[in-house]
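Here the structure comes first, spelled out in structure tokens, and everything after it is commentary.
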Amino acid sequence: MNSANKMEFETVLNEELGEIGKYQIINILLLMIPTTVSGFLASDYIFTAGRLPHRCAVPLCDGLSPEYAPEWILNAIPETSSGFADCSRYANISSDMTQNNTCPIELFDINDVVSCESFVYERTNTVVYDFGLECNEWLRALAGTLNSVGGMFALPLAGLVSDQLGRRVSIVFFAFNVALVGVVRAFSVNYYMYIALQFLQTAIGGGMFSAAYILATELVGAKYRVATSATMSSCFALGQALFGAIAAGVQPWRHLTLTAFAPAFLLLSYYWLVTESHRWLLSKGRSARAKATLERGARLNGRIISPEKMSYLLTAISDQEKLKSNSTEIPSSRLLFSRVIQSPIMLRRCCTTPVYWIATTFIYYGLSINSVSLSGNIYLNYVLIALIEIPGYWTAVLLLDRIGRKPTLFFGYMICALCCIAFSFTPNDFYGLSLILYLTGKFCIGTVFTSLYLYTLELYPTRYRHSFIAFSSMLGRIGSIVAPLTPPLMDYWSGLPSMLFGVVATTAGLLVLTQPETRGRRVPDTFEDAEDIK
């Protein structure tokens, strides 16, 4: 569909159906539920496979009901920067049992450190306790990595199901998978079954968010698309916060998994409750269903579509697709690759935008995962870290058209970097200051995340835009795959993950300066138009 005809189609559709009204609002309110549930997938392993505070059992001093951190703990266990060692203790000199909870240092040889034979836990509500992962931190972190790898596999599956079967069917399909795998995972008999199902749940269930997101944005007119996008992103963040709240009330990991994912079976009702995208129906030439959907939508919005306009809407896309199929200008992917290589501007752009995506996903998921390591209540910390994203999304909506794309991204990255670096040197005793720094960093990366999608979209030509965005997004998954591996770095220095986030954010912020500003410019339609953006 060329620009003029596309503009005419959009104008007629918006005039006859309405850009926003009761029809769109009802469906968006319904779509907010699966979007919120999708946030559970990003939060689940943080709590079900979370790190457990533990230490070596000290048979000479621990009674029948041992305390996790008694006053004598440093007499028997080596001190570390974060407190005391969790996988080693001092060797015994004497075999005499202590009384009156004293446990003097004279019972131990502080020059001889041995590994734990058994453990004492502060709590026992994750897979670490059930499957004996106490001193296998990297193996424990594998759950988060496979969760993100599954999300990478979900991207092409989501596109296939959504484009071929429809947005509504896609939501139902992925919701069923999320619920089914989640319920089965609650009955895992070993850690390998658990992580296999963790991967599978996102691999065949991770497309629920994108299906709901696309359907919501396709229902409204262009004027309300940015606000709708921010609304759906906010619901995803709300889902993460809600999962944190549920985890606080239902702490055993098997019960938590069932509580969170079993209700997702109710989303199967969306096959009858949610309206299919009229744009998808029109693009597929399903005229009867498209007509019924448009008439119902117009009726809910208090409008009536005239027979002439209805006839135009039902045939406009198919007519333009026929013209397009007869055109000889259908470049192959090989030709596109060749054009990028031969264009210094586009080659630099294609090497730079994936770095933004990798950095953003790495910091975004890294901050979420490491939030449970903050001092204070781990559940409250996580809920706050998730909720702070919401004002970040709407800040992006306010800033992008006022100060521009580059300043929004640059300052977002740089302020995030400063907060992360400052946090890494903040003592654990300064809970208020550390929480403020952490929340500000997550707020900024939330602003960046929303801005980055729009900025990437505006740098590439219409004809190839989806391919370029998919390329950047797929590589961006590297960041979310690596992020779950950052908590074990705290064994070397508690501030190392935050310092790493700060360095990555600084690098991405400086790279933003190498690319052009797109605010107020026409979105490029051709390869040459994109090259002219300098």
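Write down the accessible area per residue of the chain in Å², having rolled a 1.4 Å probe over the full set of protein chains.
Working: 23720 Å² over 534 residues.
Ligands and nucleic acids excluded, the result is 44 Å² per residue.
Once you keep just the Cα pairs under 8 angstrom separated by 6 or more residues, what percentage relative contact order results for the chain? Numbers along the way, then the final one.
Working: 819 pairs, mean separation 97.1, N = 534.
For the chain, the relative contact order is 18 percent.
Provide 503, 161, 355 ordered by accessible surface of protein heavy atoms (probe 1.4 Å), highest first.
Working: 503 75, 161 15, 355 55 Å².
If we order 503, 161, 355 from most to least accessible, we get 503, 355, 161.
What dipole magnitude, in Debye to the nearest 20, does the chain give about its Cα centre under +1 on Lys/Arg Cβ and -1 on Asp/Glu Cβ?
2560 debye
Taking 7 Å along the Cα-to-C-beta vector as the label spot, tell me the residue 531-residue 375 distance in nanometres, rounded to one decimal.
If labels sit at residue 531 and residue 375, their model points lie 5.8 nm apart.
Given a 1.4 Å probe and the protein chains all in place, what does the accessible area of residue 529 round to, in Å² to the nearest 10?
Roll a 1.4 Å probe over it and residue 529 shows about 40 Å².
What figure, in Å² to the nearest 10, do you get for the accessible area of residue 284 with a 1.4 Å probe and non-protein molecules left out?
Rounded to the nearest 10, that gives 90 Å².
I need the helices of the chain that pass two filters: whole DSSP H segments spanning 15 Å or more by Cα along the axis, and mean Kyte-Doolittle score no lower than -0.5.
Numbers: long enough: 3-17 (21 Å, -0.54); 22-48 (40 Å, 1.06); 137-165 (42 Å, 0.76); 167-185 (27 Å, 1.44); 191-205 (20 Å, 0.86); 208-219 (17 Å, 1.33); 225-249 (36 Å, 1.04); 287-300 (19 Å, -0.57); 307-326 (29 Å, -0.78); 344-370 (39 Å, 0.62); 389-400 (16 Å, 1.12); 405-424 (29 Å, 1.24); 431-459 (41 Å, 1.16); 465-482 (27 Å, 0.81); 496-512 (24 Å, 1.85).
Those that clear 15 Å and a mean of -0.5 are 22-48, 137-165, 167-185, 191-205, 208-219, 225-249, 344-370, 389-400, 405-424, 431-459, 465-482, 496-512.
In region 476-520, which chymotrypsin sites (Phe, Trp or Tyr not before Pro) are in a loop and have at most 10 other Cβ atoms within 10 Å, using DSSP for the loop call?
Details: sites: 492, 493, 501; in loops: 492, 493.
Answer in residue order: 492.
Whats the longest run of the chain with zero GluC sites (Glu not before Pro) that are DSSP loop and have at most 16 other Cβ atoms within 10 Å? Could you put the intermediate results ahead of the total?
Values: sites that count: 67, 71, 117, 122, 329, 517.
Longest gap between qualifying sites, sites excluded: 123-328.
Go ahead and estimate [θ] at 222 nm for the chain from helices alone: -39,500 (n - 2.57) per DSSP H run with n ≥ 4, summed, over the residue count, rounded to 500. Don't jump to the answer; show the numbers that get you there.
Values: 23 runs with 351 residues, N = 534.
Using -39500 (n - 2.57) per qualifying helix, the result is -21500 deg cm²/dmol.
Over the alpha-carbon set of region 395-480, divide Rg by the Kirkwood Rh and report the Rg/Rh ratio to two decimals.
Values: Rg = 15.7 Å, Rh = 14.4 Å.
Rg/Rh for region 395-480 comes to 1.09.
What part of the accessible area of the chain, given as a whole %, is carbon or sulfur when the probe is 1.4 angstrom?
Numbers: 14960 of 23720 Å².
Result for the chain: 63 percent of the exposed heavy-atom area is carbon or sulfur.
With no solvent and one point on each alpha carbon, what is the Debye value of log10 I(q)/I(0) for the chain at q = 0.07, 0.13 Å⁻¹?
Reported log10 I(q)/I(0), two decimals: -0.46, -1.33.
Give the accessible area for residue 255 in Å² (nearest 10); use a 1.4 Å probe, count only protein heavy atoms, and leave out ligands, DNA and RNA.
Using a 1.4 Å probe on the heavy atoms, I get roughly 110 Å².
Can you check what the net charge comes to around residue 436, using other residues whose Cβ is under 15 Å from the Cβ of residue 436 (Lys, Arg +1; Asp, Glu -1)? Please list the in-between numbers first.
Working: positive: 442; negative: 429.
Here the charged neighbours net out to 0.
What do you reckon, how do 167, 299 stack up by accessible area (1.4 Å probe), largest on top?
On the way: 167 20, 299 160 Å².
Per-residue accessible area, sorted high to low, gives 299, 167.
The values are calculated or read from the model by the stated rules, or taken from the named source; none is laboratory data. Fair warning: this is a prediction, and the values are worked out from it, not measured in the lab. All Cβ positions, glycine included, derive from the backbone under ideal geometry; neighbour counts span all protein chains shown. All accessible areas refer to the heavy atoms of the entire protein, side chains included, with ligands and DNA or RNA removed. Shrake-Rupley method; radii C 1.70, N 1.55, O 1.52, S 1.80 Å.
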